[in-house]
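Novice: Have a look at this one.
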Amino acid sequence: MELIDVAVIGGGQSGLATAHTLLRHGLRPVVLEASSRTAGSWPRYYDSLTLFSPARYSSLPGMPLPGADRDRYPHRDEVVAYLTAYAGRLDADIRTGQRVTSVRRDGSAFEVVLEGGGRLTARAVVAASGTFGRPHRPALPGLEEFTGQVLHAADYRSPAPFTGRRVVVVGAGNSAVQIAAELATTARVTLATRGVVKFAAQRLLGRDLHFWFIRTGLDTAPLGRLLSSPPAQPVLDDGRYRAALAAGQPERRPVFTGTDGVKLVWPDGEREEVDAIVLATGYRPDLPYLPSLDGALDADGNPRHREGVAIGVPGLAFVGLEWQRSLSSNSLRGVGRDANRIARRLAAHLARR
């Protein structure tokens, strides 16, 4: 069985940043990516997605995002091309089409089992598989009995298939508001939320909000350790989304209280026929290969860790978790910092062993 230093599970932004920093700390990682390309979930996001942060703040360590306009907001496809180029420049063993099905303890090391039966022995493991593969579907009243179309934002691409239809988007975050506003250009749309939508200005005193995050230290402050669960993030807005909601494009209503076939029951008692419900309700860490590793996950399938270092499982770490350490932990601008801390700790751990 092949013996390797570190198995990095996931070849998206988190896995690539981790590989880069592991190499700098003298370790030889093997990146195991389930898909056929090294761009993580980015190719599967909806067509119109753009970053919330400007290009100057949206790079992995060692390679700035190219382009002369550092204040632009890069498009999804630009990020895909950037991650592909980043992987090409790494002097790392990156293996695509390698889905990890389980990780087990093998003495002082780990046995990494691949789909199809392949196996590796790794001295350490970094779970960097992100969240896109585990869309969160909350328990909404009557949702299971609704007979119309139900899809998660992970399956949404563009408004074209919904032209002329009646659509309800559930959620109050950035993706929910963006998708609802986009759909409202071709469909009749309601944004269903549990409370009011909270906005934050994209620019403050002539600067993008991320400038102030970095200048004040909020971007890197180790607040993750203080949070029992990730806080709700406001919608970053340059004014267009607040105006769209004010104009009723989309309208906003409280979440429905039940369903009756293809009809939704609204809190005021109205019953309305709806064609589709889009759940823009976020994601959870996608770690289906870790339940066999005792102590790695809690009862809800979430990682047990402190700032990315697994609790009670020496040699296991996580990179790319939301609020892993700070506000920017699962972003292009911040994941490299967390990856560097994890690489440093794994190098020390392996040196001791």
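The values are calculated or read from the model by the stated rules, or taken from the named source; none is laboratory data. None of the values given here were measured: they were computed from a predicted structure. A quick note on method: Cβ atoms are made from the backbone with ideal geometry, for glycine too, and the neighbour counts reach across all protein chains shown. With ligands, DNA and RNA removed, areas are computed over all heavy atoms of the protein, side chains included. Shrake-Rupley method; radii C 1.70, N 1.55, O 1.52, S 1.80 Å.
Novice: Does Thr50 satisfy being under 23 Å from Asn174 (Cβ atoms) and hydroxyl-bearing (Ser, Thr, Tyr)? Lay out the reasoning, then the answer.
Specialist: Working: under 23 Å from Asn174 (Cβ atoms): yes; hydroxyl-bearing (Ser, Thr, Tyr): yes.
Yes, satisfied.
Novice: Applying the selection to the stretch 325-353, what residues are over 23 Å from Met63 (Cα atoms) and assigned to a loop (DSSP other than H, G, I, E, B)?
Specialist: Arg353, the sole residue that qualifies.
Novice: Out of curiosity, is Leu143 surrounded by 20 or more Cβ atoms within 10 Å (Cβ to Cβ), in contact with a Lys or Arg (Cβ under 9 Å, 6 or more places away or on another chain) and under 27 Å from Asp286 (Cβ atoms)?
Specialist: Working: surrounded by 20 or more Cβ atoms within 10 Å (Cβ to Cβ): no; in contact with a Lys or Arg (Cβ under 9 Å, 6 or more places away or on another chain): yes; under 27 Å from Asp286 (Cβ atoms): yes.
When the stated conditions are applied, Leu143 does not pass them.
Novice: Between a residue in the stretch 116-141 that is free of Cβ contacts under 8 Å to residues at least 60 places away in the same chain and any residue that is in a strand (DSSP E or B) and among the hydrophobic types (A, V, I, L, M, F, W, C), which pairs come within a Cβ distance under 9 Å, given they are 6 or more apart or on different chains?
Specialist: Once the first residue is free of Cβ contacts under 8 Å to residues at least 60 places away in the same chain and sits in the stretch 116-141, its partners that are in a strand (DSSP E or B) and among the hydrophobic types (A, V, I, L, M, F, W, C) give Gly118/Val112.
Novice: A further question follows. Quick check on the stretch 193-209. Is at least one of its residues open to solvent by less than 10 Å² (accessible area, probe 1.4 Å), closer than 16 Å to Gln249 by Cβ and in contact with a helix residue (DSSP H, G or I) (Cβ under 9 Å, 6 or more places away or on another chain)?
Specialist: Yes; the residues of the stretch 193-209 include at least one that is open to solvent by less than 10 Å² (accessible area, probe 1.4 Å), closer than 16 Å to Gln249 by Cβ and in contact with a helix residue (DSSP H, G or I) (Cβ under 9 Å, 6 or more places away or on another chain).
Novice: Another question about this same structure. Output the residue which, of all residues in the stretch 259-316 that are aromatic (Phe, Trp, Tyr) and within 30 Å of Ala7 (Cβ to Cβ), is least open to solvent (accessible area, probe 1.4 Å).
Specialist: Tyr289
Novice: Working only within the stretch 1-31, note down all residues that are open to solvent by 40 Å² or more (accessible area, probe 1.4 Å), in a loop (DSSP other than H, G, I, E, B) and under 16 Å from Ile342 (Cα atoms).
Specialist: Across the stretch 1-31, the qualifying residues are His25, Gly26, Arg28.
Novice: Which numbered condition in (1) touching a residue at least 24 places away in the same chain (Cβ under 8 Å); (2) over 30 Å from Pro161 (Cα atoms); (3) under 22 Å from the mean Cα position of the chain (by Cα) is the only one that Ala85 fails?
Specialist: It fails just one condition, (1).
Novice: Can you tell me which residue among Gln178, Gln233 is surrounded by 17 or more Cβ atoms within 10 Å (Cβ to Cβ), outside any strand (DSSP E or B) and among the polar types (S, T, N, Q)? Don't jump to the end; show me each part of the working.
Specialist: Numbers: Gln233 fails: surrounded by 17 or more Cβ atoms within 10 Å (Cβ to Cβ).
Just one listed residue meets the conditions, Gln178.
Novice: Tally up the residues in the stretch 53-66 that are out of contact with any helix residue (DSSP H, G or I) (no Cβ under 6 Å at 6 or more places or on another chain), closer than 30 Å to Ala160 by Cα and touching a residue at least 60 places away in the same chain (Cβ under 8 Å), please. Break it down into steps so the answer makes sense when it comes.
Specialist: Step one: of the stretch 53-66, the residues out of contact with any helix residue (DSSP H, G or I) (no Cβ under 6 Å at 6 or more places or on another chain) are 54-56, 58-59, 64, 66.
From what is left, the residues that are closer than 30 Å to Ala160 by Cα are 54-55, 58.
Keeping just the survivors that are touching a residue at least 60 places away in the same chain (Cβ under 8 Å) gives 54, 58.
Going through the stretch 53-66 one residue at a time, the tally reaches 2.
Novice: I want to confirm something. Restricting to the stretch 282-317 and keeping residues that are in contact (Cβ under 8 Å) with a residue 24 or more places away in the chain and assigned to a strand (DSSP E or B), which single residue is farthest from Thr101 (Cα to Cα)?
Specialist: Ranking the candidates gives Arg306 first.
Novice: Oh, and also: Taking Ala154 and the conditions (1) in contact with a helix residue (DSSP H, G or I) (Cβ under 9 Å, 6 or more places away or on another chain); (2) surrounded by fewer than 19 Cβ atoms within 10 Å (Cβ to Cβ); (3) closer than 25 Å to Arg253 by Cβ, which numbered condition does it fall short on, given that it satisfies the others?
Specialist: (2)
Novice: Looking only at residues in the stretch 32-52 that are touching a helix residue (DSSP H, G or I) at 6+ places or on another chain (Cβ under 6 Å), assigned to a loop (DSSP other than H, G, I, E, B) and among the hydrophobic types (A, V, I, L, M, F, W, C), which one is most open to solvent (accessible area, probe 1.4 Å)?
Specialist: Leu49
Novice: A further question on this structure: Which residue is nearest to the chain's Cα centre (by Cα), if the candidates are limited to the stretch 5-57 and must be more than 27 Å from Ile179 (Cα to Cα) and of a type in the set (D, E, K, R)?
Specialist: Glu33
Novice: Quick one: His75 ticks every box in (1) under 24 Å from Leu204 (Cα atoms); (2) modelled with pLDDT under 95 bar one, so which box is it?
Specialist: The failed condition is (2).
Novice: Go through the stretch 67-88 and give me each residue that's in contact with a helix residue (DSSP H, G or I) (Cβ under 8 Å, 6 or more places away or on another chain) and either part of a helix (DSSP H, G or I) or surrounded by 16 or more Cβ atoms within 10 Å (Cβ to Cβ) (or both).
Specialist: Scanning the stretch 67-88 gives Arg72, Tyr73, Pro74, Arg76, Val79, Val80, Leu83, Tyr86, Ala87.
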